[in-house]
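Participant: Quick one: the structure is below, questions incoming.
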Amino acid sequence: MLSSGIYDHIDVWNKAADAAWLRDTAIVNNITNGDTPGYKRQDVDFEGVLRRELGRSKYVSLDEKVSNLHMNHLNVSTYTDSAGYSYRLDENNVDPEQEYAELASNRIKYNGLIDSMTQEFNRIKSVIK
């Protein structure tokens, strides 16, 4: 099978966008449960998973690292953040101001990923024409 690697970066951006969407959902859920006693905030760490996977290939270019990634290793899920820690008497560890800041940051990241994929597809389309 002939492989050009033309979609390698797009595949990673797609996984990152999926993770950002999942993180957005987790953050909104945290904000919603900000007053629920005992609730522990949820989060998603795609960057950590990607960093670990890219770190497995040393002394090669970034393009080679991306080409050698196994996309099924980039699947992420939500996890409970600081499950045993709470600064509040009701043992809820959600800080609303922090969650709103994370939500804004995450949405900027998601929009940037979508824009990057759109631009890459437009470049591919212009080459095909």
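Participant: Could you compute the net charge surrounding Met71? Neighbours are other residues with a C-beta less than 12 Å from the C-beta of Met71; K and R count +1, D and E count -1.
Facilitator: Once all neighbours under 12 Å are counted, the net charge is -3.
Participant: Also, quick follow-up: What is the diffusion coefficient of segment 88-129 in µm²/s, taking the Kirkwood radius over Cα pairs and the Stokes-Einstein relation at 25 °C with a viscosity of 0.890 mPa s?
Facilitator: 188
Participant: Is the C-alpha gyration tensor of segment 31-105 telling us rounded, prolate or oblate? Criteria: a/c under 1.5 is rounded; beyond that, a/b larger than b/c is prolate, otherwise oblate.
Facilitator: Note, shape of segment 31-105 comes out prolate.
Participant: Can you work out the accessible area per residue across the chain, with the rest of the protein chains kept in place, probe 1.4 Å, in square angstrom?
Facilitator: So the chain comes to 66 Å² accessible per residue, rounded to a whole number.
Participant: Among Lys109, Lys58, Lys15, whose mean-square fluctuation peaks in a Gaussian network model of the chain (Cα, cutoff 10 Å)?
Facilitator: Lys58
Participant: Counting other Cβ atoms within 10 Å of each Cβ, which chymotrypsin sites (Phe, Trp or Tyr not before Pro) in segment 7-85 have at most 12 and sit in a DSSP loop?
Facilitator: For chymotrypsin sites (Phe, Trp or Tyr not before Pro) across segment 7-85 that sit outside H, G, I, E and B with at most 12 neighbouring Cβ atoms in 10 Å, the list reads Tyr59, Tyr85.
Participant: Kirkwood hydrodynamic radius for the chain: how many Å is it when counted over pairs of different Cα atoms?
Facilitator: 16.7
Participant: For Asp43, what is the net charge nearby, where nearby means another residue's Cβ is under 13 Å from its Cβ and Lys, Arg count +1, Asp, Glu -1?
Facilitator: Every neighbour counted, the sum reads -4.
Participant: Sticking with this structure for a sec: Equivalent-ellipsoid semi-axes (√(5λ), Cα gyration tensor) for segment 9-60, whole Å, largest first?
Facilitator: So the equivalent ellipsoid measures 30, 13, 4 Å along its semi-axes.
Participant: Moving to a separate point now. Contour minus end-to-end for Gln98 and Tyr7, with contour as 0.36 nm per residue of separation and end-to-end as the Cα-Cα distance?
Facilitator: Going from the current span to full extension adds 29.2 nm.
Participant: Let me ask another. Mind ranking Arg41, Arg88, Arg107 by accessible surface for me, highest first, 1.4 Å probe?
Facilitator: My answer, sorted largest first, is Arg107, Arg88, Arg41.
Participant: Place a label point 7 angstrom from the Cα of Glu120 along the Cα-to-Cβ direction, then list the residues of segment 27-55 whose backbone nitrogen is under 19 Å away.
Facilitator: Taking a point 7 Å out along Cα→Cβ of Glu120, the residues of segment 27-55 whose backbone N falls under 19 Å are 46-55.
The values are calculated or read from the model by the stated rules, or taken from the named source; none is laboratory data. None of these values were measured; they are calculated from a predicted model. All Cβ positions, even for glycine, are placed from backbone atoms using ideal geometry, and neighbour counts span all protein chains on display. For accessibility, only protein heavy atoms count, side chains too; no ligands or nucleic acids. Shrake-Rupley method; radii C 1.70, N 1.55, O 1.52, S 1.80 Å.
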